[in-house]
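Enquirer: This is the structure I want to talk about, given as structure tokens.
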Amino acid sequence: MVSTLEKIRILGENGKYDICASTSSSRSESAPNLFGNTPNWIGSTISAGVCHSYAPDGRCVSLFKVLFTNKCIYDCKYCFNNVCKKRVSFTPEEYARTFMKLYSMNVLEGLFISSGICGDADETTKQMLEAVKLIRFKYNFRGYIHFKCLPGTSYYLLKEAVQLADRISVNLEAPTKEILEEIAEQKNYNTDIITRQRWLKEIRNKYNAKAKKIIYEKHDNQNSAEIEPQQNFSENYLSFECGTDRASQKINSEKGEWADEWGITRRRTGYKKIRWDGAPILNSGQTTQMVLGAGSETDYDILKRLDWEYREIDLRRGYFSAFTPIKGTPLERKKATPLEREHRLYQTDWLLRLYHVPIKEIKEILTMDENLPKGDPKLHLARNYFGDNGKIDPNKASYEELLRVPGIGLTSARRIIQLRQDNYIIKSRSQLHSIGVILKRADPFLRINGHIQTTIDAFKAIQVIQ
Amino acid sequence: MIEKSKKTKNSRLFGFSKEEMLINLPRHSQCSPNLLFKVQNTSESILKNNGSQFARKINQMLHEIFRELERNRQFTRTNLNNRGVLYGKITLSHQNENELLKFFHDRFPNCFICLYNTFKNETITMNEQGRFQKFQVSLDEIVKKISLNRPITPYFEDISMNNEEIFQEFYSSQFIASRENRKYFKKMIPKYAMEMPGMKGGVENRFRNNLLDKYIKTTK
């Protein structure tokens, strides 16, 4: 008989390679109460976002990231599970209780539930869902839950998972079918993974359309009568009791925006106009994870796949995990992927997702072998975009142009535009500094009040003339 | 439902408004009526600009208040007994007790919350209805007294007991050796933990001949 402590040690070690957001706050105060109106609830996602403890690798440990079981029918070449001698599983009761114990200590912010595939994906998912249901309805937990969907899970189980979790993810592991075959032969890229992602998108949109309809109706009738508290919350957790803002997403046809079949406004590129759409169900959306360096993928393959996922699957974000060889696995002799590659990909992903830099432009800065060059990708893009002598005036540049300048982020660009609307003119570098611009990066691309940062060559030329 | 924080959402980015200053400053342990009067009679533009010494002092005091509150929210370790009493130890020098209790009340609305302030040697409590009380009694005594009047609840019995061992096991299992980054880890340790009474450089005084590095798990 394996004790709970030992299970935590074994399954925690197996689960630590899964990547997820370290902090999480998903629902807002105006979001509906999905899990009934019992007064005995525990936990909150509204006041979340605090980190509690850091592992010696500097990562924040704020979610209960322990596998449900390490028994697995797959033998992926990179996976830690391959070398694990002891196979153990939690029972749903045990898992739920252990998590709640830790939550009551104020050491955790939420749950990240993942698992190996024991027998059948559906069987394991059922067990995982049972644990989540216990947490939600026995212990009345209202905090953050990230549910890892196993490849090959059935549609009806995904429907259930969408209703219970704040975030769901399906691991892509590789950007293409061929590369996945290199590292995990048994998984079918299209049917096991991509189809599941499409289903999740469909279920989320369908449920949210239904939920919003109920919310709007109740919101409209709110003045006339107070809504009765729900009695049988566990059976009826898809009915809502309070209203949210009826956010209307305006379509700006000049910018090439359009609405899809679900009424979601999209940019010209196909990305969602508003990423955090305030949906009552599965608020934190869908994410994915890829292993870097285990197969023969290039950075361009990964970015191309991510771009597709943002357009077609409405992915909230992607995670990367640099490959580390594990002794005893078929890839033990393969070189570890440098963490810098992971970092550069995260930077480029940020540019794709938030700055909306087209993938075509990113392709132009790639090296011959289609990998990202050394150094900050935004700096490479800026050099390409502005040319050698191109400098912009922060008082005249558009928002999109400002975003192209390294050292100017989303917030500082917005502040500059706001100040301009208030007829405030930026006259010195110190003013930009107080706005939040990082001048050592931005200086080479700016012309402030007619002044530019000189180059070493120009400086030398002036000295020669003098 | 927890009251909204008195600090507005973007106050950290754009500085505190004069109104926020006047609301929050009285919570500082060194705040005096004279100081409040001076703030009241100073224009907002001067107070928001950190150029003057007075404004710097005021902003620093406000940051001290919120920093302390945030640290206590993050690093207070609580215990839950089988009668639904949630208790733990805190270190608050400013008057943040109410805010901190509300944070825990928001997470555990069906529990009686008792927090012992080691700085002021007093116990603060909040019941299920959100009633705030202060006692000059030790934590154990208060927890014992309150627990006597409350029935044993199977719901709490299920998740109560000392869970420190579970957390230690879980915490140590999460470390990825190949990603060890001692410098970053040391950066992430809150200064609060380093500066605690009886500590020097993150190590207890009685072990002062040892450096913190000795206690960080190494792989090499």
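Enquirer: Search segment A:340-377 for residues being out of contact with any helix residue (DSSP H, G or I) (no Cβ under 7 Å at 6 or more places or on another chain) and part of a loop (DSSP other than H, G, I, E, B), and hand back the single one that is nearest to A:Ser412 (Cα to Cα).
Expert: A:His356
Enquirer: Still on this model: On the given criteria, is B:Asn117 within 12 Å of chain A (Cβ to nearest Cβ), surrounded by 17 or more Cβ atoms within 10 Å (Cβ to Cβ) and polar (S, T, N, Q)?
Expert: Against the criterion (within 12 Å of chain A (Cβ to nearest Cβ), surrounded by 17 or more Cβ atoms within 10 Å (Cβ to Cβ) and polar (S, T, N, Q)), B:Asn117 does not qualify.
Enquirer: Would you call A:Ile408 assigned to a loop (DSSP other than H, G, I, E, B), modelled with pLDDT under 90 and surrounded by 14 or more Cβ atoms within 10 Å (Cβ to Cβ)?
Expert: It is false that A:Ile408 is assigned to a loop (DSSP other than H, G, I, E, B), modelled with pLDDT under 90 and surrounded by 14 or more Cβ atoms within 10 Å (Cβ to Cβ).
Enquirer: From the list B:Glu122, B:Glu165, B:Glu128, which residue is more than 8 Å from chain A (Cβ to nearest Cβ), open to solvent by 50 Å² or more (accessible area, probe 1.4 Å) and not polar (S, T, N, Q)?
Expert: That would be B:Glu128, the only listed residue that is more than 8 Å from chain A (Cβ to nearest Cβ), open to solvent by 50 Å² or more (accessible area, probe 1.4 Å) and not polar (S, T, N, Q).
Enquirer: Please verify whether segment A:52-72 includes one or more residues that are at pLDDT below 75, part of a loop (DSSP other than H, G, I, E, B) and more than 7 Å from chain B (Cβ to nearest Cβ).
Expert: The answer is no; no qualifying residue exists.
Enquirer: Same structure, new question: Among the numbered criteria (1) modelled with pLDDT under 95; (2) within 24 Å of A:Ser104 (Cβ to Cβ), which single criterion is violated by A:Leu129?
Expert: (1)
Enquirer: Hey, another quick one. If you take the residues of segment A:429-466 that are farther than 18 Å from A:Arg414 by Cα, modelled with pLDDT of 80 or more and in a loop (DSSP other than H, G, I, E, B), which of them is most open to solvent (accessible area, probe 1.4 Å)?
Expert: A:Asn449
Enquirer: Would you check if B:Ile166 is farther than 30 Å from B:Asn24 by Cα and in contact (Cβ under 8 Å) with a residue 40 or more places away in the chain?
Expert: no
Enquirer: Can you name every residue in segment A:87-133 that is within 26 Å of A:Asp75 (Cβ to Cβ) and touching a Pro at 6+ places or on another chain (Cβ under 9 Å)?
Expert: A:Ile117, A:Ala121, A:Gln127, A:Met128, A:Leu129, A:Ala131
Enquirer: Could you say whether any residue in segment A:88-99 is modelled with pLDDT of 90 or more and at the interface with chain B (Cβ under 7 Å from one of its Cβ atoms)?
Expert: Yes, segment A:88-99 contains a residue that is modelled with pLDDT of 90 or more and at the interface with chain B (Cβ under 7 Å from one of its Cβ atoms).
Enquirer: Within the set of pairs 6+ apart or on separate chains, which have a first residue in segment B:95-108 that is outside the structural domain of B:Gln129 (by TED's automatic domain parsing), a second that is of a type outside the set (Lys, Arg) and surrounded by 21 or more Cβ atoms within 10 Å (Cβ to Cβ), and C-beta atoms under 7 Å apart?
Expert: Going by the 7 Å Cβ cut-off, there are no qualifying pairs.
Enquirer: Might you check whether a residue that is over 29 Å from B:Lys145 (Cβ atoms), away from chain A (no Cβ under 14 Å) and in contact with a Leu (Cβ under 7 Å, 6 or more places away or on another chain) occurs anywhere in segment B:41-54?
Expert: No: zero hits.
Enquirer: Considering only segment A:390-401, state which residues are under 14 Å from A:Asp443 (Cβ atoms) and free of Cβ contacts under 8 Å to residues at least 60 places away in the same chain.
Expert: A:Gly390, A:Ile392, A:Asp393, A:Pro394
Enquirer: Still on this structure, please answer the following. Within segment A:315-351, restricting attention to residues that are aliphatic (A, V, I, L, M) and open to solvent by less than 20 Å² (accessible area, probe 1.4 Å), which residue is nearest to the other protein chains (Cβ to nearest Cβ)?
Expert: A:Ala322
Enquirer: So if I check each of A:Thr98, A:Thr91, A:Thr125, which one is within 17 Å of B:Phe167 (Cβ to Cβ) and polar (S, T, N, Q)?
Expert: It is A:Thr98.
Enquirer: While we're on this one: Check segment A:378-393 and report whether any residue there is out of contact with any helix residue (DSSP H, G or I) (no Cβ under 8 Å at 6 or more places or on another chain) and within 30 Å of A:Leu292 (Cα to Cα).
Expert: yes
Enquirer: Looking at A:Trp41 and the list (1) touching a Pro at 6+ places or on another chain (Cβ under 8 Å); (2) open to solvent by less than 10 Å² (accessible area, probe 1.4 Å); (3) of a type outside the set (D, E, K, R); (4) at pLDDT 70 or above, which single condition is not satisfied?
Expert: That leaves (2) as the condition not met.
The values are calculated or read from the model by the stated rules, or taken from the named source; none is laboratory data. This one's a predicted model, so the numbers in the text were calculated from it and none came from an experiment. Positions of Cβ are backbone-derived with ideal geometry, glycine not excepted, and every protein chain shown enters the neighbour counts. Side chains included, ligands, DNA and RNA excluded: accessible areas come from the protein's heavy atoms. Shrake-Rupley method; radii C 1.70, N 1.55, O 1.52, S 1.80 Å.
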